[in-house]
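Here it is, the structure, as structure tokens.
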Amino acid sequence: MTEKESKKKILGISDEVIEKCVRCGSCRTVCPVFNVTHEEPSVARGKIFLANMINKGNIKLDKEAAGIFNLCATCLRCAEICPLKVDYEKIIISARALCVEKFGLSPEKKAAVFLFSNRELLKALGKVAAPLTKIFTKSSKSPQNRLFPIDIPKIGKVLLPEIKSTPFNDKDRWYSAKGKEKGKVAFFSGCMLNNFYTETAQNVVKVLNALGYSVFVPRDQYCCGAPAFFAGDLKTFEKMKEKNLKTFQNLNVDFVVTACATCGHILKKEYNEPSFKTKELIEVLFENLEELRKWKFPQKVIVTWHHPCHIVRGQKIPKNYPLDVLKVIENIEFVNLEEADNCCGMGGSFKLSHPEISKEIQLKKVRNIEKTKSNFVLTECPGCVMNIAEGLERINSNIKSLHIADILATCID
Ligand code: SF4
Ligand code: SF4
């Protein structure tokens, strides 16, 4: 065992990583969960203190401690503001991994991980559920989403993305560039765009083709592993990673595009594989600003933008990228959103495990959106699109929540 390895403690990380926290409390000023609960265990400082105690063997990991580690939307606002640059994501994932090792996954996380890591099951569910959802749910103002016909006690209106009977990537397909080919790319469409927002997935391809990229959509792509990773189920995560690497590493393309903030975060940071060069759609759009200046939306519209946590903090993509892109399109008037980079409350399975706190965070987000008086709120994360659409329904707003590809595809003849 090396000296470095011997310093690894109960959580699988060294004391140095944890003890970087000086308990200054800066993370309390930005944490959306703390903002609702006003309790120390909700914030990074409280969780890091607990992790330190466990790592030193001063206290044992029990179910109460596991509950504290789960009380986090992994929005990474704490890590962004931390003056000591404490690697909060590493600490919380290590803590959750230990919780999974000791107690297993909670029922809601188990269900989410099981469903998303079983591609064939999700496909079979789509075949059965797609016709039924049309009958038993109502349409929502934001397209590709469905509303439960009855309100849920303490939660209110509940919206789900519309599951499709056939996934977007049901077979290998090449989509040719429009005009002169600028490059060849593969599209890592992710579970949400593959099975629910399939029209958005088509729109991503349409936009890339119009910009001169030929796009390959491989059938053999799997969940990026984010639900398992953020839940601390690292074994399942590694399996998903291995399967995807097998497919994407051998493709003859210039790079891989994703249009899901969380997939992008995971592919870049956790796969960290040089042969799997990934770009988020918004990065490709920003590289093509000059071309986009020629694009025109069919009528005048006002739009605003929500920054997904996993784009601005997970991938550290500059905040001006989406704003610069939207500002060059003719007929689109861009208005700023207050606290545009604050979490929408989704946080993957956080919404399932802590629905009431998630709702409070969501309502703050959609009230700010409502103040913009825009026609559309755009973003580049299907989870955010869905959660914001639900929040807008809850406050009876007429603003529609869309993926940026849905608006841009409308500019193409
Ligand atoms: S901001 Fe950083 S150093 Fe300060 S309490 Fe939070 S995690 Fe610790
Ligand atoms: S990741 Fe977000 S929710 Fe979790 S402790 Fe940090 S600021 Fe709070």
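The values are calculated or read from the model by the stated rules, or taken from the named source; none is laboratory data. This is a predicted model, so every value here is computed, not measured. FYI the Cβ positions are ideal-geometry reconstructions off the backbone, even for glycines, and counts take in every protein chain you see. Protein only, heavy atoms only, side chains kept; ligands, DNA and RNA dropped before computing areas. Shrake-Rupley method; radii C 1.70, N 1.55, O 1.52, S 1.80 Å.
Against the definition (among the basic types (Lys, Arg), in a loop (DSSP other than H, G, I, E, B) and surrounded by fewer than 17 Cβ atoms within 10 Å (Cβ to Cβ)), how does Lys178 come out, yes or no?
Criteria met by Lys178.
Check the range 84-104 and report whether any residue there is without any contact (Cβ under 8 Å) to a residue 24 or more places away in the chain, of a type in the set (Asp, Glu) and within 16 Å of ligand 2 (Cβ to nearest atom).
There is at least one residue in the range 84-104 that is without any contact (Cβ under 8 Å) to a residue 24 or more places away in the chain, of a type in the set (Asp, Glu) and within 16 Å of ligand 2 (Cβ to nearest atom).
Here is a follow-up. Considering only the range 144-159, state which residues are open to solvent by less than 60 Å² (accessible area, probe 1.4 Å) and either at positive phi or of a type in the set (D, E, K, R) (or both).
Those that are open to solvent by less than 60 Å² (accessible area, probe 1.4 Å) and either at positive phi or of a type in the set (D, E, K, R) (or both): Gln144, Arg146, Gly156, Lys157.
To continue, here is another question. Would you be able to tell me the number of residues in the range 280-308 that are in contact (Cβ under 8 Å) with a residue 12 or more places away in the chain and either open to solvent by 50 Å² or more (accessible area, probe 1.4 Å) or among the hydrophobic types (A, V, I, L, M, F, W, C) (or both)?
19
Given (1) open to solvent by 60 Å² or more (accessible area, probe 1.4 Å); (2) assigned to a helix (DSSP H, G or I), identify the lone condition not met by Lys141.
Going through (1) open to solvent by 60 Å² or more (accessible area, probe 1.4 Å); (2) assigned to a helix (DSSP H, G or I) one by one, Lys141 breaks only (2).
Determine if the range 330-337 includes at least one residue that is modelled with pLDDT of 95 or more, buried (at least 20 other Cβ atoms within 10 Å of the Cβ) and in a helix (DSSP H, G or I).
no
Among the residues of the range 80-129, what is the count of those that are under 19 Å from the mean Cα position of the chain (by Cα), open to solvent by 30 Å² or more (accessible area, probe 1.4 Å) and within 11 Å of ligand 1 (Cβ to nearest atom)?
1
Among the candidates Lys365, Lys316, Lys400, Lys327, which residue alone is touching a residue at least 12 places away in the same chain (Cβ under 8 Å) and open to solvent by 20 Å² or more (accessible area, probe 1.4 Å)?
Checking each option against the conditions leaves just Lys400.
Here's another thing I want to ask about it. Tell me the residue from Arg45, Arg23 that is open to solvent by 20 Å² or more (accessible area, probe 1.4 Å), assigned to a helix (DSSP H, G or I) and near ligand 1 (Cβ under 10 Å from one of its atoms), please.
Just one listed residue meets the conditions, Arg45.
I've got another one for you. Looking at Gly156, Gly183, Gly190, which is the one that is in contact (Cβ under 8 Å) with a residue 40 or more places away in the chain, closer than 26 Å to Ser349 by Cα and more than 22 Å from the chain's Cα centre (by Cα)?
Checking each option against the conditions leaves just Gly156.
Specify which of the listed residues (Leu378, Leu352, Leu323) is modelled with pLDDT of 95 or more and part of a helix (DSSP H, G or I).
On inspection, the qualifying residue turns out to be Leu323.
Still on this structure, I have one more. Scan the range 92-110 residue by residue and report those that are on the phi < 0 side of the Ramachandran plot and not in a helix (DSSP H, G or I).
Those that are on the phi < 0 side of the Ramachandran plot and not in a helix (DSSP H, G or I): Leu105, Ser106.
If you check Pro274 against the conditions, is it of a type outside the set (Gly, Ala, Ser) and surrounded by 16 or more Cβ atoms within 10 Å (Cβ to Cβ)?
Judged against the criteria, Pro274 is not a match.
Mind checking which residues of the range 112-138 are without any contact (Cβ under 8 Å) to a residue 12 or more places away in the chain, part of a helix (DSSP H, G or I) and under 21 Å from Ser349 (Cβ atoms)?
Phe114, Leu115, Leu121
Same structure again: Just need a number here: residues in the range 48-78 that are within 15 Å of Lys90 (Cα to Cα) and either within 16 Å of ligand 1 (Cβ to nearest atom) or without any contact (Cβ under 8 Å) to a residue 12 or more places away in the chain (or both).
Number of matching residues: 14.
So which residues in the range 53-79 are more than 10 Å from ligand 2 (Cβ to nearest atom) and open to solvent by 20 Å² or more (accessible area, probe 1.4 Å)?
Matches in the range 53-79: Met53, Lys56, Gly57, Asn58, Ile59, Lys60, Asp62, Lys63, Glu64, Gly67, Ile68, Asn70.
For the range 24-34, indicate whether the set of residues that are away from ligand 2 (no atom under 12 Å from the Cβ) and in contact (Cβ under 8 Å) with a residue 24 or more places away in the chain is non-empty.
Among the residues of the range 24-34, at least one is away from ligand 2 (no atom under 12 Å from the Cβ) and in contact (Cβ under 8 Å) with a residue 24 or more places away in the chain, which makes the answer yes.
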